[in-house]
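Before any comments, here is the structure.
What follows draws every value from the coordinates through simple rules; no lab data is involved. What you see is a predicted model, and the numbers here were worked out from it, not measured in a lab. Cβ sites come from the backbone with ideal geometry, for glycine too, and all protein chains shown count toward neighbours.
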């Protein structure tokens, strides 16, 4: 019924306009989401943040307990999932194991009333478009992870959805396939003319695939913006960790920021009022004893709490004056005799810090 | 009650069959005596009666025994009624299994217990219960008689009803178990593709659980074929109309033991055929 857009008023904006409220007693999801046609938005957040619940609410698989949901101006709150113009790519694809790739993709058009031959012709076209022309007759268990993912995408697209949902689209793939599929998926999403919303806990997937990120924690939106904006200006510890930045909150007075936890940081920017201060772990220099000749204005006494390899570097987790992550080379780590419990001095140059208003 | 022990043994063998094949123990050499001796006794207990049947079979008079019109009639009736009872069980049992597995409703546990009760209920009690419900003066049968002129007791249809009553729980249990093991998210995926819940069931769930349905149907069919107590209580023992093979065997045993053995061999052959068929099906389904 909502597949025809007769009830759409002339002034209603195209795309998705939703406020998703799902109250389950112990957990409450309350997420506002506005997405324009052609835009790809990623819901990014830790496990249990409510991303998948939001996706299921959009698909109609989990009922809303409040809020609203409009797609191209038409209200969808009360529309059952089978009548929503929504396509879903599930995390483990859920391809029907008893049907061939072709019949999996033809399933949607068939349900929409197409004759068998017509549905199959459409399905073959979609599979061809996604580079799967040779695998039309294959049962899902004969497909590789990357192929299954594309069949799932073709199956979702074959219903010509106005809203495409992807739940952790790359999570089921191994690292090498992932790289390749991520690039392909980006291309297919760029071609998709309607609204696309994907859910992921992987910041790289989110940043590569999406035009805009919506970060969800504890059922709420904590930050949204372009990938580069979020990478540069994280507003929560979770995002800072995701993008690999040290993040602290404090009150700025000129070039000095007094952190909420006590110590002060000298920054490049002069600001006033509540601010965030961010700097990468590579900007932190560690010293075995208090340096006398360092030009760094920011110097703190810390204790090593953990060490792990991070690429070809060692990342040290520190506590003390303030919690920090610091990157250093293996050689430097050995020279400093770093081990959990070791006391070190950490310095950061003001020019390497970045402060921005809360 | 040869019929009961036989079908129970068949059930056990069906359940154990594929598992034994997979695990394949390293042979009896290491088995401790306190386990080995009872195990061998148990095996003999199950196998010796079947061997005795073969040993005592009147092989020479077998052709005449089996081609007599009474035997042929009873066999035909048994096959038709067991198949009809299985069909009835499929039509109403599969949706019931779906309801129990997929829909939350108050008292679901109680309903499941009631549905499976005929599994443990003595079949004769089942027959009496059917009489009180569907008999000419039964609480439902009364209306069937006066409204539609339908009488079930002591008719061939009554045999089907009695067999379905006893056999359907096997199917329901089997299908419900398969449904529970099947991922309900396939149905969700189907609905996001535009399928109604019924279409999702028909085009996705049903094919996915087909092996479970087939296994349940074969179990139900075998149980219906061997059904004795409920049938004789509810449908009586009229040759050509309600006298199925087990009834014929029992009756023959009083007058002509050789005929009883011959008839039993036929049922044994059918049971073995079912077992073989089921194993093949499971092999290909796996």
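For the protein assembly as shown, give me the percentage of DSSP beta bridges that are antiparallel, rounded to the nearest 5 percent. Spell out each step's value before the answer.
Details: 64 of 83 bridges.
Here the share of antiparallel DSSP bridges comes out near 75 percent.
Taking one equal scatterer on every alpha-carbon of the protein assembly as shown, how large is log10 of I(q)/I(0) by Debye at q = 0.07 1/Å?
With one equal scatterer per Cα and no solvent, log10 I(q)/I(0) is -0.70.
As a check on your grasp of the helix formula, calculate [θ] at 222 nm for chain B: sum -39500 (n - 2.57) over DSSP H runs of n ≥ 4, divide by the residue count, round to the nearest 500.
Numbers: 13 runs with 211 residues, N = 286.
Here the helix-only value at 222 nm equals -24500 deg cm²/dmol.
If I model a spin label as a point 7 Å beyond the Cα along the Cα-Cβ vector, how far apart are those points for residue A:228 and residue A:253 in nm?
That separation, rounded to one decimal, is 3.6 nm.
Say each of residue A:32 and residue A:261 gets a label point 7 Å from the Cα, pointing the same way as Cα to Cβ; how far apart are those two points in nm?
Taking the simple label geometry, residue A:32 and residue A:261 are separated by 3.2 nm.
If each residue of separation counts as 0.36 nm, what is the full-extension length gain between residue B:133 and residue B:148 once their alpha-carbon separation is subtracted? Each step should come with its number before you reach the end.
Working: separation 15, 0.36 × 15 = 5.40 nm, distance 1.59 nm.
3.8 nm is the gain from fully extending residue B:133 to residue B:148.
Nearest 0.05, what FRET efficiency do residue A:115 and residue B:117 give at R0 = 35 Å with Cβ-Cβ as r?
About 0.15, to the nearest 0.05.
For residue B:108, project a label point 7 Å along Cα to C-beta. Then give me every residue of segment B:168-184 with its amide nitrogen under 19 Å of that point.
B:172-184
Label points 7 Å out from Cα along the Cβ direction at residue A:23 and residue A:312: separation in nm?
The answer from the label model is 5.6 nm.
Based on DSSP H runs of at least 4 residues, each adding -39500 (n - 2.57), what is the mean residue ellipticity at 222 nm of chain A after dividing by all its residues, to the nearest 500 deg cm²/dmol?
Values: 9 runs with 89 residues, N = 358.
About -7500 deg cm²/dmol.
For segment A:166-240, calculate the relative contact order in percent as a whole number, restricting contacts to Cα pairs under 8 Å that are 6 or more residues apart.
On the way: 65 pairs, mean separation 17.1, N = 75.
It comes to 23 percent, rounded to a whole number.
Output the relative contact order of segment A:24-105, whole-number percent, from Cα pairs under 8 angstrom with separation of 6+ residues.
Computed over segment A:24-105, the figure is 17 percent.
Set the Förster distance to 22 Å, then compute FRET efficiency between residue A:319 and residue A:220 from the Cβ-Cβ distance, nearest 0.05.
With a Förster radius of 22 Å, E is 0.20.
Got the relative contact order for segment B:49-175 handy, in percent, Cα pairs under 8 Å and 6 or more residues apart? Don't jump to the answer; show the numbers that get you there.
Working: 84 pairs, mean separation 44.9, N = 127.
Dividing the mean separation by the residue count of segment B:49-175 yields 35 percent.
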